[in-house]
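Colleague: Following this message is one structure expressed as structure tokens.
No value in this document is a laboratory result; all are computed from the given coordinates. Fair warning: this is a prediction, and the values are worked out from it, not measured in the lab. Counting neighbours? That spans all protein chains shown, and the Cβs are built from the backbone with ideal geometry, glycine included.
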């Protein structure tokens, strides 16, 4: 029996090999460690550049929205504590098509977080005299940012290898050492906050570049996904991803989730306040000061270090040096946690049969899924070379992650109806209302990312469907290999053409317009390209989904049927993001105090109101599309979830 299990491991069997070593404090510190990383080092600068002083509202709004999302997962995680839980819950309630698409999106974000943290650490220390060769400031097709040089990339790769070995030694080692790092990560920002009060200028909030809300209300919301705000808060998910390795998951996971976000809100809010108050125009190295210029100013590579280094107060320069040490510790601590997260994400996808069974095998000695750990490290390293900038990666990662969180409230409501016989140690009160708020919050954060980010993200998400078709479609749905390969390649060609048109004929002209000294209106040809791309994407995606449903065995057609709502949701967000106030020709950068001649079809806040209404409709459609009670019970039993005869 043992030999057979090693050849074709079972889900429940491999789950049991995961070591139950984590206490409440360790779960909490894993989440807090995920939250306080590069966000406090760079997010305050990116946020100020995006929304000006009004970004202080962004941190508060974003934190509250993330709490609503976390609340829905607190019941799910206590009810079904599983490592890689976020990618496993959608499969339990909606089957493989929904589960795979969301799991693929989550994987895209999870494997890139260690990369961005390694990049952050190297970028920050490059601000030290003599280490400037590791980074440079320049303009890319996505805007003007500070990026790593080849030398900086090499050092970031070495950090990734270090993250690998820290994870290799197992969860007990990771949990124990992470505690010490989190204490450090809480103490350093606190002392920084206290010291910056001696440099605080209240006039910075109203006197510079247009006042408190200098850039405009829409960009208070754009900053939430685009400036690293939601990226920072999303570290709460560590308690979910490590849930299968907790000593008392039912009691500890919900508490760790909520408390970690509250701690994050307090820390980031006070740091943002004092950072804005400490900025000195005279040392920003900008000809004419504007908030948007902060991402290419002398503050860009190491914001807090530069503040202390130029303070002119005795002893402050020395504290700046301490921050350079923290610039390695904080992102690195987050990076190795997230490498474990991406490892457990791949493990979770393998348990849902999206990857071959051997991928989920757990190393008996370390209690770590080794193949996912190796894959996560390699993919993370690959991401560093083409995207060696924190400012470029952060918006993509935030949007990809939050996109997957739309399922928290949906899965909760489906399981309330279909899994009444599963014990709920924590039952979320007012779940009918809070689930809707969580879904709408996640949808809005994704929408506020803007078309430039979303167009790339949505095509990468849809581009993962052929992988599902070729492996899962052949192995599980009973579709012939010839059909899966042929249709998959054709779809990839369409996605490739669409990506080319979006990148060269929409994104590049849009960014050129944003960075131009005299902005111009969007040419008509850009809109025609958008229509052409959108029509191609809509038709090809609907046709491919229809074919998968048509080809699948009768008993498996429900897996595709339950995912139609998600396809329509993706297509709606993809198209609507162009038309609203967060489209490609609406810039967060105010030039000479003038707005761009381009007027979106739907102005803020009307576009956001429409998204809220449509999101509510999609929520009810998603819940209605969930699996029947018999189907859910079968999946839960296969996943090793204890079932009883309890009735609510």
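Colleague: Would you mind ranking 553, 185, 483 so that the residue whose beta carbon has the fewest other beta carbons within 10 Å leads the list?
Modeller: Least crowded to most crowded, the residues run 553, 483, 185.
Colleague: Another question, if that's okay. Stretch residue 281-residue 363 to full length: gain in nm at 0.36 nm per residue minus the Cα-Cα span?
Modeller: Taking residue 281 through residue 363 to full extension adds about 24.1 nm, to one decimal.
Colleague: How high is the FRET efficiency from residue 555 to residue 269, r the C-beta distance, R0 45 Å, rounded to 0.05?
Modeller: With R0 = 45 Å, the Cβ-Cβ based efficiency is 0.30.
Colleague: How far apart, in nanometres, would the label points at residue 638 and residue 165 be if each is projected 7 angstrom from Cα along the Cα-to-Cβ direction?
Modeller: Those two pseudo-labels are separated by 4.1 nm.
Colleague: In what sequence do 97, 168, 106 fall when counting other Cβ within 10 Å, fewest first?
Modeller: So the residues, fewest neighbours to most, are 168, 106, 97.
Colleague: Another question, if that's okay. Determine the gain in length on full extension of the stretch residue 262-residue 476; use 0.36 nm per residue of separation and subtract their C-alpha separation, reporting nm with one decimal.
Modeller: 72.8 nm
Colleague: Report the FRET efficiency, 1/(1 + (r/R0)^6), for residue 212 and residue 329, where r is their Cβ-Cβ distance and R0 is 45 Å, rounded to 0.05.
Modeller: 0.85
Colleague: Subtract the Cα-Cα distance of residue 201 and residue 535 from 0.36 nm times their separation in residues, and report this length gain in nm to one decimal.
Modeller: 115.1 nm
Colleague: Based on other C-beta atoms within 10 Å, arrange 476, 432 from fewest to most.
Modeller: So the ranking, lowest neighbour count to highest, is 432, 476.
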